[in-house]
Each structure stands twice: as structure tokens, then as C-alpha cells.
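Chemist: Okay, here's the structure, questions in a sec.
Read-outs: derived from the displayed coordinates by stated rules, not from any lab. Treat the numbers as computed from the prediction; the structure is a model and nothing was measured. Every residue, glycine among them, receives a Cβ derived from its backbone with ideal geometry; neighbour counts consider all protein chains shown.
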Amino acid sequence: MTRQERIAALKAAAKERVLILDGSWGVMIQRRELDEADYRGERFAALPGQLKGNNDILCLTRPDIISGLHDAYYAAGADISETNTFSATSIGQGEYATQAAVWDINFEGAKLARASADAWTAKEPDKPRFVAGSLGPLPVMLSMSSDVNDPGARKVTFDQVYQAYAEQVRALHEGGVDLFLIETITDTLNCKAAIKAILDLEEQGYEPLPIWISGTITDRSGRTLSGQTVEAFWYSVRHAKPFAIGLNCALGADLMEPYIAELSRIADTLVSAYPNAGLPNAMGQYDETPDETGHMLHDWAERGIVNILGGCCGTTPEHIRHVADAVRELKPRVPAERAVAMRLAGLEPFELA
């Protein structure tokens, strides 16, 4: 299939069933107990500092592991798998002094995911597989001060964040992704820079791709780290006309549920959710079983409040298998239809009917 045929197939599938996203990459990579040599390979053998923990670099040094994880999640029932590029910007990779490899990480990461998706589509043509280019958060924020004594202090400018994401999205696009996933958003202004980088691609001669936006509610306050409520966050990014809007990370399904329900009420597009496998225990591990995750997300789908389900921290292919099995016969949510009104947002939403 051409890319436009795949996008059409993705949108058609979303009308027919609840789509399934993959699960955690971090937990699966940790289980491989890789050493420094795995992260370095030959290319980075002489680079100073430590690379262990830079999971994105494995797209270049251990592509076999990355391809194997895509295959494992597709085999578990995922319709969509993310590229292993969560921190693959010049800003994120700058912490490892590997920013010169950003293009290669994203391009090769997209190619690995594309090859796996195409192989599974050929094997099961009635269930085509898709690739989401992952754009994760940055270690710096535009909305919040980097100095408690100076409210205006920032470590980066909007243009710097925009350029970092622009490099990433061009490489992902050329590598063959079907859509972009801006995920684990803690700072809406950072997200806006990523949105602009994606929207500007069309002026640069690239074909437009769907945008999926997933924010993070950091705790029981019901707000993102930069302070917005779910409704205010939606109003802040709605101009991008995203293919889907949702939440991921930080919370397990039980604590995330009211915020997903709120998004379902207000969003005139698809709603996604990929919660953690509960909250971490005292050792930083996740105890929620695949059956427990599947049961809770089945309830969401049965209530008609979601269109896309998957897993974040602590979830495995077995979690995704249980989720896929649990919602297989259920219908997807119907996007909300709301009266026309002026809707604005700061930290709180404002509506003028």
C-alpha cells in the first residue's frame, strides 16, 4: 500500500473497531539487561561518557532488539506500533552528546517499524499494521521557569524547541511513518512547537500526515505539569485538528478514568488512552497484571468513551494481548458533537457561547 492508502485504511479501521496501540518499550528493553557495549556498538565505541539508558540509540546499535519488539507487539494484537524515538531530538540526545545522530536514529527507527508493520500486514492483510512516529517530551520546558528566583528564566527558546522537533519529524517522515504521535506532554507550549514543526512540513513539500496528541496528567490534581486542566489542554491544541487526542503515562487506568471520560465528553475527534500498569511499587516496579489492565480498559470501551487503547510504563506484549482480546467485539466511541462556541484556554478553560 502507498502511504495515503495506509492512512485511509487507518481511518477506516478507526470507524469499525477500537484500535490497539503497543505497550511500554522501556520495560521490555530493561528485561534484556543490556550492557554499555550494546548501546555503543561500533559507531559510538569511542564516545566519552555513558550511553547506557539511551534507549533510542538502540535503533542504530541493536536494531535486532527494536525490530523484535515491534514484532512482539504486533503479534500481541497491536494495530499501531510507535517508533523507538521517544527522546530522539537534538535536545534530548544532547544529554548523551549524541545529537549528531538524531537524523539517523529517527530515520532508521522509522524504517525498522515500517518493515515490521509491512511484514505483518502481508501476513494478515485483513488487519493492516501502522507506524506512529513518536515525539516525546523534552528535559526542558517553555512554560515554566528554570530558576525559582527568576520567573522569566528559560533554558531554551521556542525557536530552539521548534527546530529540534522539526529535524525529528522530517527524518521520521522520510523513514516512512503513517502518523505522528506527540506524547507524554507535560508542557503545552513544547507541544505547540512540535505541532508547528509537523504542520510546516507541507510547505516543505512533504505530504501531510495525521497528528495524534497525548498529554499527561501528572497526579490527582487533574492537571498537566504546566498547570492545565484536561479541558484547557484540549482547547489549546484543538486548532491542529488532530486525528486523536488522549492521555498516557503517570497514572494507572483507575486514576486516569475520570480524565478520559472528560475528554470523551468534549473532543470532536478520536480519544486515546494508554495508562501505566498501575502505580509503581516501593521498588519502582509495576504490579498490575495483564488481566487487570484488560478488564479495566474493557469497561472503558464498553462505556463508549475510547477509540484507541494501549499501554505505557510497565505494560508488556501480554498486557496488550489482554487489552486487544477484551475489546475485540466492542464498538469504538462516537466523537462528540458540540454547539459552536468560542472556547479559549489558559490554565482553565473559558467558553463563550
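Chemist: Given the chain, what percent of its DSSP beta bridges are antiparallel, to the nearest 5?
Modeler: Values: 7 of 33 bridges.
About 20 percent, rounded to the nearest 5.
Chemist: Okay, moving on. Shape of the stretch 71-198 from its Cα gyration tensor (a ≥ b ≥ c, root eigenvalues): rounded if a/c is under 1.5, otherwise prolate when a/b > b/c, or oblate? If you can, show how the numbers build up before the last one.
Modeler: Numbers: a/c = 2.80, a/b = 2.25, b/c = 1.24.
Prolate, since a/c reaches 1.5 and a/b exceeds b/c.
Chemist: Need one word for the stretch 218-353: rounded, prolate or oblate. Basis is the Cα gyration tensor (sqrt eigenvalues a ≥ b ≥ c); a/c below 1.5 gives rounded, then a/b vs b/c decides.
Modeler: On the way: a/c = 2.73, a/b = 1.48, b/c = 1.85.
The shape class here is oblate.
Chemist: Of the residues Pro335, Pro139, Pro151, which exhibits the maximal mean-square fluctuation in a Gaussian network model of the chain defined by a 10 Å Cα contact cut-off?
Modeler: In the Gaussian network model the winner is Pro151.
Chemist: Taking only complete DSSP H runs, can you tell me which helices of the chain stretch 24 Å or more along their own long axis by Cα positions and average at least 1.0 on the Kyte-Doolittle scale? Each step should come with its number before you reach the end.
Modeler: Working: long enough: 102-123 (32 Å, -0.18); 158-175 (26 Å, -0.63).
Correct list, ordered by number: empty.
Chemist: Counting each DSSP H run of 4 or more residues in the chain as -39500 (n - 2.57), what helix-only mean residue ellipticity at 222 nm follows after dividing by all residues, to the nearest 500 deg cm²/dmol?
Modeler: Values: 13 runs with 144 residues, N = 353.
Calculated mean residue ellipticity at 222 nm is -12500 deg cm²/dmol.
Chemist: Let me ask another. With label points built 7 Å along Cα→Cβ from the Cα atoms of Arg303 and Ala37, find their separation and express it in nm.
Modeler: Output for this residue pair reads 5.1 nm.
Chemist: Net charge within 13 Å of Gly205 by Cβ-Cβ distance, Lys/Arg positive one each and Asp/Glu negative one each, not counting Gly205 itself? Intermediate values should be presented prior to the final figure.
Modeler: Values: positive: Arg170; negative: Glu174, Asp200, Glu202, Glu203, Glu207.
Combined, the nearby Lys, Arg, Asp and Glu give -4.
Chemist: List the residues, sorted by chain then number, that are 5 or more residues from Thr184 or on another chain and whose placed amide H is less than 5 Å from its amide H.
Modeler: Correct list: Ser214, Asn248.
Chemist: Under a GNM of the chain (C-alpha, springs under 10 Å), which listed residue has the highest mean-square fluctuation: Pro317, Pro258, Pro137?
Modeler: Pro258
Chemist: Here's another thing I want to ask about it. Compute the relative contact order of the chain as a whole-number percentage, counting only Cα pairs closer than 8 Å that sit 6 or more residues apart in sequence.
Modeler: Values: 729 pairs, mean separation 65.1, N = 353.
Taking the mean separation of contacting Cα pairs over the length of the chain, I get 18 percent.
Chemist: If you don't mind, another one. Could you list Lys111, Lys241 so that the one with the fewest beta carbons within 10 Å of its beta carbon is first and the one with the most is last?
Modeler: Details: Lys111 19, Lys241 11.
Placing the least packed residue first, the sequence is Lys241, Lys111.
Chemist: To the nearest Å, what is the center-to-center distance of the stretch 1-67 and the stretch 194-212, using C-alpha atoms only?
Modeler: Their Cα centres are 22 Å away from one another.
Chemist: Give me the net charge for the shell around Phe350: Cβ to Cβ below 13 angstrom, other residues only, Lys and Arg +1, Asp and Glu -1.
Modeler: On the way: positive: Arg343; negative: Glu231, Glu348, Glu351.
Every neighbour counted, the sum reads -2.
Chemist: Now for a separate question. Shape verdict for the chain, please, from the Cα gyration tensor: rounded (a/c under 1.5), prolate (a/b greater than b/c) or oblate.
Modeler: Details: a/c = 1.32, a/b = 1.08, b/c = 1.22.
Rounded, since a/c falls under 1.5.
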